[in-house]
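Participant: Below you'll find the structure I mean.
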Amino acid sequence: MLPRPWSIVIAASCLLTTVLCQNNLNEASLINHLLQDYTPESRPVRDSTNAVRVTLDLALSQLIDLDAKRQELKTNIWLRHYWKDEYLTWNASEYNGLSAIRIPSNQIWRPDIVLYNRRFEEGYADTPDTNAVIYSDGSVNWNYPTTIQSSCVVDITYFPYDKQECLLTFGSWTYDGFAIDLYNRTAVGDLNNLIESEEWQMLEMEAIRNVIIYGCCPEPYPDVTYHIRIKRKSLFYNFYMVAPCIVLVLLAVLGFCLPMDSGEKLSLGITMLLSLVVFAQIVSDKLPASSRAIPLIGQFFGISIVVVTLSSAATVIAMNLHFHGPMPQHIPKWLRPLLYMRRCRSNKTASTAENPDLKSVYENVNPKLDLGPVKPPPNFSSSPEPNDNIHSLNKDSNNSGRIFLLLDRKLDSMIAHLKTIVARHYRKDTRDARSDEWKQLAIVIDRILLGSFMFVALVATAVLLGPYAAQ
Ligand SMILES: *[C@@H]1O[C@H](CO)[C@@H](O)[C@H](O)[C@H]1NC(C)=O
Ligand SMILES: *[C@@H]1O[C@H](CO)[C@@H](O)[C@H](O)[C@H]1NC(C)=O
């Protein structure tokens, strides 16, 4: 005989095993019972004129990629089907309260719901044989996770500030609406388990049930379409494309501030132009070769390139004004106001204009002046000695006539020398003054161009990108 505690343990374990075994038996017998005469191919309705009402639910777990070039959306989804199988019912209290069983879904009837706009992908199984949960009242819940590639029309007009809408259309491939009536379970898709995308911000996922009657046949074909609305996160593009482009344009426009003589004015503009073209190339590599519309960033690059090109051309013109040849002419009348603009602003610069003192000297040393009675130029009148000498010579000397003649001749040659020196100076000053005028003009034009190009660049940026970037 065993001691009492042992008998209790054995009795208890026997009881437990019987209960467990009976449960297991019950589940097995239930499944056997349910699938005994079950035909997975036939619709689970006792009256074959009834439609099976299938309810669909979609949970988006990850938006992997939206490829604008291939017009393709790649997502991880969980697809949930709900329907009622009239053959898979039992009385739970007859099976120890067993109210739900799980059996491989390929052993029961399944609706052939497919993604209409799917794209071929190797290894893609339309219907994975995951378990289906069957409740005692016959409702079946069949879920499976999958990765799908669907076609999506990507409109890149507003790239990189674009919003996209991709559709996932689910429907039965072979059954019409009288055989399978498809419904959405909720008005919006399930986004609770969504993994935040690095590139896209999820706006909403609306579910819309459509019933389409095709021309061929009278039967309606219902489908459930999920509208995935997403918005591109533009920080990446702002930081790596838009900002450098703006900086390059401003730098190119700032070239107007460079002094003409530095020789770097033009090369700066050309370098910026080349960098912009390279940038535009990189951007266009990321976009589909669509000729329907030029994307926003393409327009922006285009305008930037035009601005930098025009500013380089304007620099060429300004440099031409600055180096206005060895014998510069006067600035034409219609350009003079520009010069006064600058003179008015700073009077100091006026000193470089023609020297009036020298001009009066030159006019006084006019060769047409008759030199009979010696009339020295005003500069010399300041010194009284020569005059006194001449007068004293006039009074005292006997051969005053000869000396006077001698002096006269000497003075003549001196005046002639003086004349040439003054004339040369005057010519040089005039030339310098004129070329200075041209240089001033070039500076004024440079400033005007700097202002206007800066304005154009900023306005173009604000008008093109402002409304979208601010959103
Ligand atoms: C389920 O079975 C229990 C006991 O066998 C019975 O009392 C009950 O009426 C049954 N329920 C249905 C809905 O048939
Ligand atoms: C199914 O989607 C429609 C919108 O198309 C919505 O009005 C309806 O409420 C949805 N059905 C359910 C059960 O939420």
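Values in this text are rule-based calculations from the coordinates and carry no lab data. If you're wondering where the values come from, they're calculated on a predicted model, not measured in any experiment. Reconstructed Cβ throughout: ideal geometry from the backbone, glycine too, with neighbour counts over all protein chains shown.
Participant: Treat the count of other C-beta atoms within 10 Å as a stand-in for reagent exposure and order CYS216, CYS245, CYS257 from fewest to most. Could the numbers behind the result be given before it?
Facilitator: Working: CYS216 6, CYS245 23, CYS257 10.
Ordered by Cβ neighbours within 10 Å, fewest first: CYS216, CYS257, CYS245.
Participant: Calculated FRET efficiency, THR89 and VAL306, Cβ-Cβ r, R0 60 Å, to nearest 0.05? Intermediate results must be reported in sequence, preceding the final value.
Facilitator: Numbers: r = 74 Å, r/R0 = 1.23.
Plugging the Cβ-Cβ distance into 1/(1 + (r/R0)^6) gives 0.20.
Participant: Test of understanding: extend the Cα→C-beta vector of ARG53 to 7 Å, then name every residue of the stretch 74-116 with backbone N under 14 Å from that spot.
Facilitator: It comes to 82-86, nothing else.
Participant: Would you please report the Å³ per residue occupied by the convex hull of the alpha carbon atoms in the stretch 27-233?
Facilitator: Values: hull volume 28.9 nm³, N = 207.
Roughly 139 Å³ of hull volume per residue.
Participant: Under 5 Å between amide hydrogens, which residues at least 5 positions from ASP181 or on another chain qualify, with H placed 1.01 Å from N in the peptide plane?
Facilitator: So ASP181 has HN proximity to VAL52, ARG53, VAL54.
Participant: Label PHE120 and ARG427 with points 7 Å out from Cα along Cα→Cβ: what is the distance between them in nm?
Facilitator: 8.8 nm
Participant: While we're on this one: Filter the cross-link list LYS265/LYS286; LYS84/LYS163; LYS233/LYS265; LYS74/LYS233; LYS333/LYS428; LYS231/LYS286 down to pairs whose alpha-carbon distance in this structure exceeds 29 Å. Let's see the in-between values first.
Facilitator: Values: LYS265/LYS286 33 Å; LYS84/LYS163 39 Å; LYS233/LYS265 38 Å; LYS74/LYS233 18 Å; LYS333/LYS428 22 Å; LYS231/LYS286 17 Å.
As for pairs spanning more than 29 Å Cα to Cα, those are LYS265/LYS286; LYS84/LYS163; LYS233/LYS265.
Participant: So for ILE101, ILE294, fewest C-beta neighbours within 10 Å to most, what's the order? Show your work: numbers first, answer last.
Facilitator: On the way: ILE101 19, ILE294 16.
Listed from fewest to most nearby Cβ atoms, that is ILE294, ILE101.
Participant: Fewest to most neighbouring Cβ within 10 Å: what's the order for THR420, THR75, THR146? Intermediate results must be reported in sequence, preceding the final value.
Facilitator: Values: THR420 10, THR75 21, THR146 17.
Lowest to highest Cβ neighbour count: THR420, THR146, THR75.
Participant: Further, regarding this structure: Using amide H atoms built in the peptide plane, which far-off residues or other-chain residues are under 5 Å from LYS233 H to H?
Facilitator: Long-range HN contacts for LYS233: TRP200, GLN201.
Participant: Karplus couplings for the stretch 104-114 from phi (6.51 cos²θ - 1.76 cosθ + 1.60, θ = phi - 60°), rounded to Hz, Gly and Pro as x?
Facilitator: Once rounded to whole Hz, the list reads x, 5, 6, 8, 10, 6, 10, x, 8, 7, 10.
Participant: Using 0.36 nm per residue, how much length does the chain from HIS33 to LEU266 gain when fully extended, once their Cα-Cα distance is taken away?
Facilitator: Numbers: separation 233, 0.36 × 233 = 83.88 nm, distance 9.00 nm.
So the chain would gain 74.9 nm between HIS33 and LEU266.
Participant: Does the stretch 189-272 come out rounded, prolate or oblate, given a ≥ b ≥ c as the square roots of the eigenvalues of its C-alpha gyration tensor, rounded meaning a/c under 1.5 and, failing that, prolate meaning a/b above b/c?
Facilitator: Numbers: a/c = 7.97, a/b = 3.07, b/c = 2.60.
Here the stretch 189-272 falls in the prolate category.
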